[in-house]
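K.L.:
I have a structure here, written as structure tokens, and I will follow up with some questions on it.
The values are calculated or read from the model by the stated rules, or taken from the named source; none is laboratory data. Here the structure is a predicted model, which is why all the values come from computation and not from measurement. Cβ atoms come from the backbone with ideal geometry, glycine included; neighbour counts cover every protein chain shown. Accessible surface is based on the protein model in full, side chains and every heavy atom, while ligands, DNA and RNA are left aside. Shrake-Rupley method; radii C 1.70, N 1.55, O 1.52, S 1.80 Å.
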Amino acid sequence: MFDPRPIGIFDSGVGGLTVLDALVRRFPDEGFIYLGDTARVPYGTKSARTVERYSVQVADCLLRRGVKGLVVACNTASALGLGALRAHCTTPVLGVIEPGCRKASGITAGLSRPGRVGVIGTRSTVASGAYPDHLADLDPRIRVISLACPMFVPLVEEGWLDHPAVRLIVEETLAPLRSQPMDALILGCTHYPLLAPVISAVMGPELTLVDSSSAVAEELGNYLGGVIAPAPPGGEARKVEFLVTDVADRFKEMATRFIAGMDEAMVEMVDL
Ligand code: DGL
């Protein structure tokens, strides 16, 4: 059985485009509607109640457009709003935290000693404890070291990916983690994959970085054909639409950094 309806995907802004990019490449037959809540970004500094409310409003907008499933491509919304979204939505809802944790626990699973996993994210994601809680559910022996990196999102938003100052900021921010032995480091924020080369250079190339965008693509593969019917083969349903809640020009400019060939995309403004 096939279902030509699109999959909804949202983030507080442009960061979730790293996830969309991975999904579009992995599922060439599927259609997607991406919503960036650009009027209210960042979510990473807001309270759980606010993030929950915003997430449900965004989900409602996508559900009204007839999506068959929802990908929460925002770590903060996944950390603080996933429970509310799953209770509210009539479609399956997939967050980024569970897939990222499964990938990290897979890396430490074969070790004879307890695994050590680092998690970096926004202040709200780290304060929520969602990553350590989920990792403990998967493997109670895993030791988790979490660190909020509030400077990283603004760097990426400004396109400072290989600016000389970035190396200094990343070094300084990650200093508390550099002395800690670790088997894997979860990039628990949608923007961080764009800083992965610098993070890797600072932390050492032997440390495995877990990027939620590839983990969520793998997870969606498990959903499609199971709880979500896939689009008919041949790419007839294939279409990627973009919705934003504030100025589309800035979104378009930013999006070209996240998705190759995105320059001419149609972006529609919506009111939630
Ligand atoms: N998308 C957010 C996340 O993955 C980062 C940006 C924000 O703070 O809204 O946590």
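K.L.:
For the stretch 175-272, which helices (runs of 4 or more DSSP H) that fit wholly inside it have 2 or more residues that are β-branched (Val, Ile, Thr) and within 21 Å of the chain's Cα centre (by Cα)?
P.N.:
196-203
Each row is one residue, and each column tells you yes or no for (1) open to solvent by 20 Å² or more (accessible area, probe 1.4 Å); (2) on the phi > 0 side of the Ramachandran plot; (3) within 14 Å of the ligand (Cβ to nearest atom).
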position	(1), (2), (3)
19	no, no, yes
53	yes, no, no
75	no, no, yes
85	no, no, no
88	yes, no, no
101	no, no, no
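K.L.:
Pick out the one residue from 36, 13, 31 that is in contact with a Lys or Arg (Cβ under 6 Å, 6 or more places away or on another chain) and surrounded by 20 or more Cβ atoms within 10 Å (Cβ to Cβ).
P.N.:
31
K.L.:
Is there a residue being in contact with a Lys or Arg (Cβ under 6 Å, 6 or more places away or on another chain), open to solvent by less than 30 Å² (accessible area, probe 1.4 Å), over 21 Å from residue 5 (Cβ atoms) and among the aliphatic types (A, V, I, L, M) anywhere in the stretch 225-247?
P.N.:
no
K.L.:
Let me ask another. Just to be sure, is residue 156 in contact with a helix residue (DSSP H, G or I) (Cβ under 8 Å, 6 or more places away or on another chain) and among the aliphatic types (A, V, I, L, M)?
P.N.:
The answer is yes for residue 156.
K.L.:
From the residues in the stretch 56-65 that are assigned to a helix (DSSP H, G or I) and open to solvent by 10 Å² or more (accessible area, probe 1.4 Å), which one is farthest from residue 183 (Cα to Cα)?
P.N.:
It comes out as 64.
K.L.:
Of the conditions (1) within 16 Å of the ligand (Cβ to nearest atom); (2) in contact (Cβ under 8 Å) with a residue 24 or more places away in the chain; (3) touching a strand residue (DSSP E or B) at 6+ places or on another chain (Cβ under 7 Å); (4) open to solvent by less than 30 Å² (accessible area, probe 1.4 Å), residue 177 fails just one. Which one is it?
P.N.:
Among (1) within 16 Å of the ligand (Cβ to nearest atom); (2) in contact (Cβ under 8 Å) with a residue 24 or more places away in the chain; (3) touching a strand residue (DSSP E or B) at 6+ places or on another chain (Cβ under 7 Å); (4) open to solvent by less than 30 Å² (accessible area, probe 1.4 Å), the lone unmet condition for residue 177 is (1).
K.L.:
In the stretch 32-43, is there at least one residue being over 16 Å from the mean Cα position of the chain (by Cα), aliphatic (A, V, I, L, M) and within 16 Å of the ligand (Cβ to nearest atom)?
P.N.:
Taking every residue of the stretch 32-43 in turn, at least one turns out to be over 16 Å from the mean Cα position of the chain (by Cα), aliphatic (A, V, I, L, M) and within 16 Å of the ligand (Cβ to nearest atom).
K.L.:
While we're here: Counting only residues that are over 30 Å from residue 181 (Cβ atoms) and at pLDDT 95 or above, give me the helices (runs of 4 or more DSSP H) lying completely in the stretch 66-148 with at least 1 of them.
P.N.:
75-88
K.L.:
Can you name the number of the only condition in (1) β-branched (Val, Ile, Thr); (2) over 27 Å from residue 157 (Cα atoms); (3) in contact with a strand residue (DSSP E or B) (Cβ under 6 Å, 6 or more places away or on another chain) that residue 93 fails?
P.N.:
Condition (2) is where residue 93 drops out.
K.L.:
Residue 170 - would you say it is over 17 Å from the mean Cα position of the chain (by Cα), crowded, with 17+ Cβ neighbours inside 10 Å and over 25 Å from residue 130 (Cβ atoms)?
P.N.:
no
K.L.:
Please find, within the stretch 154-164, the residue that is modelled with the lowest pLDDT out of those that are open to solvent by 30 Å² or more (accessible area, probe 1.4 Å) and assigned to a helix (DSSP H, G or I).
P.N.:
Result: 157.
K.L.:
Restricting attention to the stretch 184-210, report how many residues are of a type in the set (Gly, Ala, Ser) and over 12 Å from residue 104 (Cα atoms).
P.N.:
Matching residues across the stretch 184-210 total 4.
K.L.:
Picking from 156, 198, which residue would you name as being farther than 23 Å from residue 132 by Cα and in contact (Cβ under 8 Å) with a residue 40 or more places away in the chain?
P.N.:
156
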